[in-house]
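Have a look at the structure below, then the notes.
Bear in mind these aren't lab numbers, they're just calculated from the coordinates by the rules spelled out. Given the structure is predicted, the values throughout are model-derived calculations rather than measurements. No Cβ is skipped: glycine too gets one built from the backbone with ideal geometry, and neighbour counts run over all protein chains shown.
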Amino acid sequence: MMRVLLAVLFVSAGVMHFVIEPTFTAMVPPFLPAPRVLVWISGVAEIALGLATLAPRLRPYAGWGLVALLIAVFPANVYMVFDDTPAIDAPRWALWARLPIQALLVGWAIWATEATKLVRR
C-alpha cells in the first residue's frame, strides 16, 4: 500500500508540473538555465519514476532514481525558503517544513522500492 501511495504522490506531482507550470517555474533558482525545460524534465521524471515503482523489475532502480531526483530538486526547495516569489503562495513555515520532508521522502523511496537490494548484489 505504501508503494502505491508513493507512486500516486510522484505521478500526481509530475502531472502538476504541467498543470501549474508557472508555479513550478517560479521555484527554479535563477542560477539554473532554462527553468521551463527543467520543470518539464523533472515532471516527466516524476511521472516515469512513480510508475516504475509499481513494476517489480524496475522498482529498485526507480527508488534510486527518486532519490537522485529528490536531491536534484532540493536547491529549488531551499530557494523557495529565501525568495519571496509571488507564484508560491505558502506560509514561510511550510516552506521550511519542506526541507526535512525531502529527507523523509528519500527514506520512503528507498524503503518502499526495496532499493537496497541493488546495493547488496
Thr116, Thr53 arranged by Cβ crowding within 10 Å, fewest neighbours leading: Thr116, Thr53
Under Karplus coefficients 6.51, -1.76 and 1.60, residue-wise ³J(HN,Hα) of the range 88-94 in Hz, glycine/proline x: 9, 9, 9, x, 4, 4, 5
The range 23-121 shape via C-alpha gyration tensor axes, a/c threshold 1.5: prolate
Cβ charges +1 (Lys, Arg) and -1 (Asp, Glu), total dipole of the chain, debye: 660
Helix-derived mean residue ellipticity, 222 nm - over the chain, DSSP H n ≥ 4, -39500 (n - 2.57), to 500: -25500 deg cm²/dmol
Farthest positive-ward along the range 26-121 dipole, Cα basis, beta-carbon charges - from Gly50, Ile71, Trp111: Trp111
